[in-house]
Amino acid sequence: MNHRKIILITVPAILLLLASFLGYKIWSTTEAKEKIVAATQYLPSIQLRKMDGSSFGTDSFKNSQKLLVLNYFNPECDHCQSMVQELFREQQLIENVNWLMITSASVEKTKRFADSMQLSQLQNVTVLNDTASVFLKAFGTISVPTFYVYKNGELLRKHNGECSVAYLVKE
């Protein structure tokens, strides 16, 4: 067989294999995303850590009449810091809301952030640490800030990026 025939057979075979591989990767990624979307329609059971190191679980909120906002953030994110400032300005809107601020940043960074932003002054806001990536495993890869709003354990809305507190807590 001459080189031309080998190339004419090999190149299409390689292209077919490459197209098949890419198709499989797209399909498997789409399927994984669909599973996460389905799994987050109801509040997943996850265990996180409070700043004092104690365990904190989401199960107690599954039958809550109050709104629950899961706010995934990063202490170094400007949009996240802006959202905290808005929480202070709009405290009356979150009086009957449980607001969980969750980060995968180190405990030290998270404590510095919570202290510098004076988060302990916000009554219904709890800062949680997820250095074990439990939240990310349950909710998938997400950007910061990302918000999941639940009531009675059911997802009302999800939002990626900065938005108003009023939008998040409307029922």
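Some values worked out for this structure:
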read-out	value
Selection from segment 55-80 of residues that are buried (at least 18 other Cβ atoms within 10 Å of the Cβ) and assigned to a helix (DSSP H, G or I)	Phe61, Cys80
Search result, residues across segment 95-112 that are open to solvent by less than 10 Å² (accessible area, probe 1.4 Å) and not in a strand (DSSP E or B)	Thr110
Residue satisfying all of: in segment 113-135; closer than 15 Å to Ser55 by Cα and touching a residue at least 60 places away in the same chain (Cβ under 8 Å); surrounded by the fewest Cβ atoms within 10 Å (Cβ to Cβ) among these	Thr131
Test: residue in segment 147-156 that is part of a helix (DSSP H, G or I) and either on the phi < 0 side of the Ramachandran plot or at pLDDT below 95 (or both)	no
Qualifying residue in segment 40-53 (condition: within 17 Å of Val169 (Cβ to Cβ) and in contact with a strand residue (DSSP E or B) (Cβ under 9 Å, 6 or more places away or on another chain))	yes
Segment 121-153, residues that are among the hydrophobic types (A, V, I, L, M, F, W, C) and in contact with a helix residue (DSSP H, G or I) (Cβ under 8 Å, 6 or more places away or on another chain)	Leu122, Val125, Val127, Ala138, Phe139, Ile142, Val144, Phe147, Val149
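The values are calculated or read from the model by the stated rules, or taken from the named source; none is laboratory data. Bear in mind that the values here come from a model prediction, so they are computed numbers and not experimental data. A quick note on method: Cβ atoms are made from the backbone with ideal geometry, for glycine too, and the neighbour counts reach across all protein chains shown. To get the accessible areas, we keep the full protein, side chains included, count just its heavy atoms, and leave off ligands, DNA and RNA. Shrake-Rupley method; radii C 1.70, N 1.55, O 1.52, S 1.80 Å.
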